[in-house]
Amino acid sequence: MRVQSHGTSSFRSGLTAGSCVNPSLRTDVDNIAAGNSTGKADFTVFSGSNCTGTVLAQALGEAFFVPPIDIGSVRIDSCP
């Protein structure tokens, strides 16, 4: 999974379905992408840490945010 803010990226690998990630980049996020060499992952973006709070977005593979948003965490819902 990659979280991007103003050209700086934070990466996490080895994630499986059900994984909840509290990324190091959480402010002014303009792009989140998740998947592997087999395909794209479904993921949900939350306002709070540990996959709590308001659901901000749900996406398959990649999500763009214009304007950028502040996030708390990301859950991998399914992954090929």
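Of the residues Val45, Val29, Val66, Val3, the single one that is touching a Phe, Trp or Tyr at 6+ places or on another chain (Cβ under 7 Å) and of a type in the set (Val, Ile, Thr) is Val29. Just to be sure before I move on: is Pro80 of a type outside the set (Lys, Arg) and not in a loop (DSSP other than H, G, I, E, B) in the structure I sent? Considered against the rule, which asks whether it is of a type outside the set (Lys, Arg) and not in a loop (DSSP other than H, G, I, E, B), Pro80 comes out as no.
Checking Val66 against (1) free of Cβ contacts under 8 Å to residues at least 24 places away in the same chain; (2) assigned to a strand (DSSP E or B); (3) open to solvent by 60 Å² or more (accessible area, probe 1.4 Å), which test does it fail? Condition not satisfied by Val66: (1).
The values are calculated or read from the model by the stated rules, or taken from the named source; none is laboratory data. As the structure is a prediction and not an experimental result, all values here were calculated from the model. Using ideal geometry, Cβ is built from the backbone for each residue, glycine included, and neighbour counts are taken over all protein chains shown. Note: accessible area is taken over every heavy atom of the protein model, side chains too, but ligands, DNA and RNA are not part of it. Shrake-Rupley method; radii C 1.70, N 1.55, O 1.52, S 1.80 Å.
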